[in-house]
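These notes are about the structure you will find just below.
Only the coordinates and a few stated rules stand behind these numbers; no lab work does. Just so it is clear, the structure is predicted and the values come from calculations on it, not from any experiment. Here the Cβ positions follow ideal geometry from the backbone for every residue, glycine too, while neighbour counts run over all protein chains shown.
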Amino acid sequence: MDLTIQPTVNTPASFNLVEVTWEFIREEVAATNHELYEVIELLSPDKKLTLFKARYPFGAHIIDNGILNLPHKSGKVIPLKTAEVEKKIKDKLSYSPIPLALLMNKASEVFVKNGEHIIPLKLLPPGNLFGLFLVFF
């Protein structure tokens, strides 16, 4: 069985992966998951702490067979471990097979493919975290 997470609501067609500072993204996080925002604010991260903001189009598999896929300038999603992903990005995101992620807008569905059947497991609305928990799933 394959565990897959994919967006369930249409998103802009452009693929996008941008490294940002907390200062840049903090207001978006506050609007999406205020509890997470408050915890990070208590930590008072400096500009050395960076995060990645990714945009996936509808139907793109964010996670496929337990591997994180990233949006790529080619217009496709590619596995984190491929040679096409910059070393700097790999180094920052390889702390876990599925790094911690926050859904900023739109929902995503976790499902399992079993042969020809797709079994929905969970719908993740905006503001939900996913990633590290999948290591223990």
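Couple of notes before you dig in:
- Asn65 paired with Ser94, simple spin-label distance in nm, labels 7 Å along Cα-to-beta-carbon: 1.9
- Relative protection proxy for 95-104, 72-81, from highest mean packing down: 95-104, 72-81 (other beta-carbon atoms within 10 angstrom).
- Taking Lys and Arg as +1 and Asp and Glu as -1, the other residues whose beta-carbon sits under 13 Å from that of Leu93 total +3.
- When each of Lys47/Lys88; Lys53/Lys90; Lys53/Lys81; Lys92/Lys122; Lys47/Lys90 is checked by Cα-Cα distance, pairs over 26 Å: Lys92/Lys122
- Label-to-label distance, nm, for residues given as Ile119 and Lys87 (7 Å Cα→Cβ offset): 4.3
- Close amide H partners of Glu109, meaning residues 5 or more places away or on another chain with modelled amide H under 5 Å apart, are Gln6, Thr8, Leu124.
- Using a Förster distance of 35 Å, the FRET efficiency for Lys106-Leu42 (Cβ separation, nearest 0.05): 0.80
- Ranked by the mean number of other Cβ atoms within 10 Å per residue, highest first, peptides 21-29, 84-92 order as 21-29, 84-92.
- Within the shell defined by Cβ-Cβ distances under 13 Å, the residues around Ser44 carry a net charge of -1, with Lys and Arg each +1 and Asp and Glu each -1.
- Along segment 72-79 the Karplus relation, 6.51 cos²θ - 1.76 cosθ + 1.60 evaluated at θ = phi - 60°, assigns HN-Hα couplings of 10, 4, 6, x, 10, 9, 10, x Hz to successive residues, with x for each Gly and Pro.
- About its Cα centre, segment 2-135 has a charge dipole of approximately 420 debye under the convention of +1 per Lys or Arg Cβ and -1 per Asp or Glu Cβ, with nothing else charged.
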